[in-house]
1. Quote the relative contact order of the chain in percent (integer), defining contacts as alpha-carbon pairs under 8 Å separated by 6+ residues.
2. Would you mind computing, in nm to one decimal, how far apart the modelled labels at ASP46 and ARG109 are, each placed 7 Å from Cα along Cα→Cβ?
3. Just want the answer: with Cβ charges of +1 for Lys and Arg and -1 for Asp and Glu, which residue in PHE143, LEU63, GLY17 is farthest toward the dipole's positive end in the range 2-175?
4. Quick one: grab the alpha carbon gyration tensor of the range 69-180, order the square roots of its eigenvalues as a ≥ b ≥ c, and give me rounded if a/c is under 1.5, else prolate or oblate depending on whether a/b is larger than b/c.
5. Taking the highest mean first, how do the peptides 142-151, 163-172 order by number of other beta carbon atoms within 10 angstrom per residue?
6. Determine the shape class of the range 100-150: with a ≥ b ≥ c the square roots of the Cα gyration tensor eigenvalues, call it rounded for a/c under 1.5, and otherwise prolate if a/b is greater than b/c, oblate otherwise.
7. For ILE120, what charge total do you get from the other residues with a beta carbon under 13 Å from its beta carbon, if Lys and Arg give +1 and Asp and Glu give -1?
8. Please name whichever of VAL172, THR108, LEU3 sits farthest to the positive end of the charge dipole of the chain, dipole taken about the Cα centre and charges placed at Cβ: Lys and Arg +1, Asp and Glu -1.
Amino acid sequence: SPLYLCIALLIKLDSPGPIFYKQTRIGLHGHPFKVWKFRTMVMNADKLQKELEARNEMQDGVLFKMKDDPRITTLGKFLRRYSLDEIPQLFNVLFGEMSLVGPRPLPTRDVEKFSKHHFIRHEILPGITGLWQVSGRSDIIDFEKVIRLDVTYMENWSLSLDLQILLQTVRVILEKKGAY
């Protein structure tokens, strides 16, 4: 698509490295898979994260989030603000590894920090967007709240709820709420 080509070209012009970033995430029933994203960070971002752990803004330390993450490229900030970096995950949906709506799949390093009750989120297919994303995105700094939102979604799932979340996702993206 022209959008893919435009983003790919801009990434190449913005910083050295590959166009796509793939990372092992944990999906349905705890099975690992590679999630695809447009690259928004510098090449050695995973190594730099270890140095930045002390500045983690998540309260319980399960997830790693920083509002002004120095690893994010100039273009990466724009792509993330509008969630354009997530577009390649449509291939994960086509491959049956993800759904449009569901709990976000997390990296292996985060899942390794889970408490027993956190694994409930792996009972359904992970999604590109979900209740967490439309309820605050990165502004939610308590992983227990993320789990409560995931469980609420699972207990109340319906096609209508998925459609509501998809529509709210568009609104949240356009309003740039919690995007970083």
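1. On the way: 254 pairs, mean separation 42.8, N = 180.
Relative CO of the chain lands at 24 percent.
2. Result: 0.8 nm between the two label points.
3. GLY17
4. Values: a/c = 1.44, a/b = 1.21, b/c = 1.19.
It comes out rounded by the Cα gyration axes.
5. On the way: 142-151: 18.2, 163-172: 15.0.
So the peptides 142-151, 163-172, ranked by packing, come out 142-151, 163-172.
6. Numbers: a/c = 1.60, a/b = 1.19, b/c = 1.34.
Taking the square roots of the gyration eigenvalues as a ≥ b ≥ c, the range 100-150 is oblate.
7. Working: positive: LYS116, ARG121, ARG148; negative: GLU123, GLU144, ASP150, GLU155.
So the surrounding residues net to -1.
8. Checking the options against the dipole of the chain, the answer is LEU3.
None of the figures in this text is laboratory data; all of them are computed from the coordinates on show. Predicted model only: the values in this text are computed from it and were never measured. Cβ atoms come from the backbone with ideal geometry, glycine included; neighbour counts cover every protein chain shown.
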